[in-house]
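What follows draws every value from the coordinates through simple rules; no lab data is involved. What you are looking at is a predicted structure, and each value in this text was computed from that prediction instead of being measured. A quick note on method: Cβ atoms are made from the backbone with ideal geometry, for glycine too, and the neighbour counts reach across all protein chains shown.
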Amino acid sequence: MRFLAALSFLATVVLAKPEQIRGVREPIYHLYLQAHPTDPTKVVLGPEASADTFEIGGTIASNTTSLFINIGDDSTSYKSLTFGESGETTAWGLEGDTIITTTGSSYGRQLNFLVCDFSGGYWEVFLQTGSDEPSGKTCSNYQTIHLPCLC
């Protein structure tokens, strides 16, 4: 029993380490999660040089700004992600190195994201709970985002 408690404690400690979050396939291959440089509330994937690091454990918190990534209540299947001062979304978790919303959350277990070309090499990120896509935008559906390799 002590061994399991120690293992659980170690898992919590490992997850608390700030990590970069990145895309793993085109068009967001090795682009990194961060706030957009001209709109700090917008969650985007962009160049590694401006990548943020995050702590994940129910919430996703920026290590740089202390802002939290929250999920919007949009009526479409793609849900906006924004940075906010409080961690209103407590559904975030990890499955291996993959960012997910947890099974017990109101979103259920979701690991798919929609990304849409925003400007200047940045891609806006949405949680995808279905198959909707915005019209008139260049988007890529069913993307996943990950921590660096936990190999």
Review point. Using the count of nearby Cβ atoms within 10 Å as a rough guide to exposure, how do Arg22, Arg109 rank from fewest to most?
Key: Arg109, Arg22
Check your understanding: Over the range 18-146, what relative contact order in percent results from Cα pairs under 8 Å that are six or more residues apart?
Key -> 22
Review point. Based on the Kirkwood radius over alpha-carbon pairs, what is the Stokes-Einstein translational diffusion coefficient of the range 39-128 at 37 °C with 0.692 mPa s viscosity, in µm²/s?
Key: 244
Practice item. Going by C-beta contacts inside 10 Å, put Glu26, Glu19, Glu95, Glu133 in order with the fewest on the left. Key: Glu26, Glu95, Glu133, Glu19
Review point. What is the range 105-151 by shape, rounded, prolate or oblate, if you read a ≥ b ≥ c off the alpha carbon gyration tensor as root eigenvalues and call it rounded for a/c under 1.5, prolate for a/b larger than b/c, and oblate otherwise?
Key: oblate
Practice item. Determine the distance separating the Cα centre of the range 124-151 from the Cα centre of the range 23-102; give it in Å without decimals. Key: 11
Revision key, fill the gap. Cβ density ranking, 10 Å radius, fewest first, applied to Leu114, Leu81 yields Leu81, Leu114
Practice item. Bin width 5 Å, alpha-carbon pairs only: give the P(r) of the chain as whole percents, running from 0 to the bin holding the largest distance. Key: 2, 10, 19, 24, 22, 13, 6, 3, 2, 1, 0, 0
Revision key, fill the gap. Going residue by residue through the range 47-62, the Karplus relation 6.51 cos²θ - 1.76 cosθ + 1.60 with θ = phi - 60° gives ³J(HN,Hα) values, rounded to whole Hz and with x marking Gly or Pro, of x, 4, 4, 10, 4, 9, 10, 9, 9, 10, x, x, 10, 10, 10, 5
Study note, to complete from the structure: Rounded to the nearest 10, the angle in degrees between the Cα long axis of helix 2-16 and the longest principal axis of the Cα atoms of the chain comes to 30
**Study point:** Ser77-Glu26 pseudo-label distance in nm [points 7 Å out on the Cα-to-Cβ vector]
**Key:** 2.4
